[in-house]
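So the structure is just underneath, and the comments pick up after that.
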Amino acid sequence: MTQKQTLPMPHDQNAEIAILGAILLNPSKLAPVRQIISADDFYKEAHKKIFTVMCEIEDISYLTVIQELQKKKQIEQCGGEDYILYFVESVSVSAGVEHQARVIKGMSDKRALIHACMTASEACFDGRDDLPEIMAGIKDAIRKIEFGQVTETMTPTQLLKSALDLIEERSKTNQVGVLTGIQKIDNRLAGLEKGCSYIIMAESTIGKSAVCLNIADNVSATLPEEHVLLFTLESTDKILTMRRISRKTRIPLTRLRKGNIRHGEWEELIGSSDALAQRNLQITDKTAYANMEKLTAYCHTYAMSQKVSLIVIDYIQLMNSSVKYSSKHLELSAIAKQINFLAKEIDCPVICVSQETDGKTRESGDIFTFSDNVLRLTKDNETSGTIHIDGQKGKDTGKWFTDIDFDKYTMRVFNTDNSEEQHKEV
């Protein structure tokens with residue numbers, strides 16, 4: 001064992017004593033401290049117990065803390081009455097508790113990272129997990145450290161000011177978020193709102209995946225400095241890229257697949273491919289990301305270095321969870337919740353495709369309940385070029401209905417219902 005491995009875990013006992021002493025000296029300091037740390041962030045077990053008691057009782061003082069510890073039969077485990085008195089004697093003023101709390105939080109995060117690395121190291125040595133599983137575990141630990149920190153809650157005045165600022169900002173564009181590039185949808189939603197989830201459900205052959213690809217491509221074109229993540233669990237990245245080229249060049253997909261390129265089309269094909277290459281649309285078809293926890297870890301890792309404007313998942317029934325559930329129904333319900341949380345944590349809209357069979361969402365769980373917005377796509381028949389969109393649930397939008405025109409040969413959604421517009425790029 002190396003010298004580094006024998007070193008004690010990161011902690012600052014003086015900061016922990018200072019925090020506890022400051023709260024005993026001035027109980028009003030507990031509130032700002034609790035917004036930064038919890039009892040689990042303390043290193044010493046006695047300090048965890050003492051802080052827990054402080055959070056549980058209403059009237060905090062030297063005597064009440066001792067009395068509560070005695071009731072719990074924990075006073076001796078916490079060093080006795082003299083140790084509690086030592087906190088008060090060690091602190092003369094209660095100022096600077098927020099700084100000390102952040103020091104404790106930083107030490108706690110370092111310990112969490114060390115534990116994650118040690119777990120990964122052990123897994124590498126004993127071979128119980130595959131490398132992707134080990135890496136996903138480390139990424140998930142980092143994500144929890146970064147996003148698991150307690151943040152300050154805004155006061156009512158701060159919330160009102162924030163809401164007014166948001167209204168003023170939106171008044172300049174009349175948009176609430178990222179435009180889909182499909183005018184009829186944008187007219188109804190005014191864009192996809194950050195932090196919200198969108199379920200697009202339909203039966204097979206309706207065109208739900210194609211609609212999502214159109215939206216992802218449009219967003220990547222209008223926000224060139226930001227990134228769009230598209231996870232395809234049903235298709236492959238090459239097939240979706242072929243569809244993007246067909247949509248851009250207007251060359252039917254059936255001919256592109258066969259390499260049947262006519263005279264004069266190569267120049268358009270190469271030019272369009274170069275244009276698509278400039279867009280930050282990341283298409284991923286790795287089956288590992290069928291696991292919701294791995295997909296979440298990947299998104300958080302990606303968002304650490306790049307601004308993500310949209311996430312698309314196709315489709316939810318093909319996903320699974322690391323947690324074992326008694327039924328697929330319960331598993332998908334949990335995944336729907338995680339998708340909602342993912343949108344909030346990354347602060348971008350998340351679109352998730354859902355498969356229907358005979359008008360019912362297959363093994364849907366409570367997808368409808370846990371999603372902010374639900375759009376159902378239908379057609380009058382398989383050959384129809386019109387897709388009906390039924391906004392069955394909307395966050396502050398209510399129910400709505402519209403039609404969009406779709407060309408199945410180039411996988412392209414037309415931007416308006418004007419036939420002349422059907423020959424212009426969305």
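Here are a few things to note about the model shown:
- Ranked E45, E58, E331, E98, criterion: other C-beta atoms within 10 Å, fewest first: E58, E45, E98, E331
- Against the chain, whose longest principal axis is taken from its Cα atoms, helix 45-56 shows a tilt of about 80°.
- Modelled spin labels at R102 and S384, positioned 7 Å past Cα toward Cβ, are 5.8 nm from each other.
- Selection from Q306, L223, S321, by position along the positive dipole direction of the stretch 168-423 (Cβ): S321
- Degrees, to the nearest 10: 13-25 long Cα axis against longest axis of the chain: 80
- Residues considered: T402, T296, T410. Largest GNM mean-square fluctuation over the chain, using C-alpha springs under 10 Å, is found at T402.
- Look at the alpha carbon pairs under 8 Å that are at least 6 residues apart: their mean separation over the length of the stretch 168-423 gives a relative contact order of 28 percent.
- For the residues I19, I199, I261, a GNM of the chain with alpha-carbon springs under 10 Å puts the largest fluctuation on I261.
- Excluding same-chain neighbours fewer than eight residues apart, the lysines reachable from K139 by a Cα-Cα span under 22 Å are K105, K110, K286, K294, K307, K324, K337, K344.
- Here the stretch 23-64 is scanned for amide nitrogen atoms under 12 Å from the site 7 Å beyond the Cα of Q158 along Cα-to-Cβ, giving 32, 35-36.
- Taking the C-alpha atoms only, the angle from helix 156-171 to the longest principal axis of the chain is near 20 degrees.
- Virtual spin-label span in nm between T357 and S322, 7 Å along Cα→Cβ: 3.0
- The stretch 262-283 versus the stretch 56-104: alpha-carbon centroid distance in Å: 67
- Per principal axis, descending, Cα span of the chain in whole Å: 90, 54, 42
- Share, in percent, of DSSP beta bridges within the chain that are antiparallel, nearest 5: 40
- Counted over all Cα-Cα pairs of the stretch 265-402, pairs farther apart than 22 Å make up 50 percent.
- Of K144, K73, K399, the one that fluctuates the most in a GNM where the chain has Cα springs shorter than 10 Å: K73
- Pairwise centroid distance, computed over Cα atoms, of the stretch 107-124 with the stretch 9-30, Å: 26
- Per-residue Cβ neighbour rank within 10 angstrom, fewest leading, S273, S309: S273, S309
- Reported value for the stretch 9-147: 117 Å³ per residue, from the convex hull of its C-alpha atoms.
- The K258 and D403 beta-carbon pair, evaluated with R₀ = 41 Å, returns a calculated FRET efficiency of approximately 0.80.
- Considering helices alone, the calculated mean residue ellipticity of the chain at 222 nm is -15500 deg cm²/dmol, with DSSP H runs of length four and up weighted by -39500 (n - 2.57) and normalised per residue.
- Summed side-chain charge close to S38 - residues other than S38 whose Cβ falls under 10 Å, Lys, Arg +1, Asp, Glu -1: +1
- Inter-label distance, nm, simple model (7 Å from Cα along the C-beta direction), D130/D396: 4.3
No lab work stands behind these numbers, since they all come straight from the coordinates. Since the structure is predicted, the reported quantities are computational estimates derived from the model, not experimental observations. We place every Cβ from the backbone using ideal geometry, glycine too, and count neighbours over all the protein chains shown.
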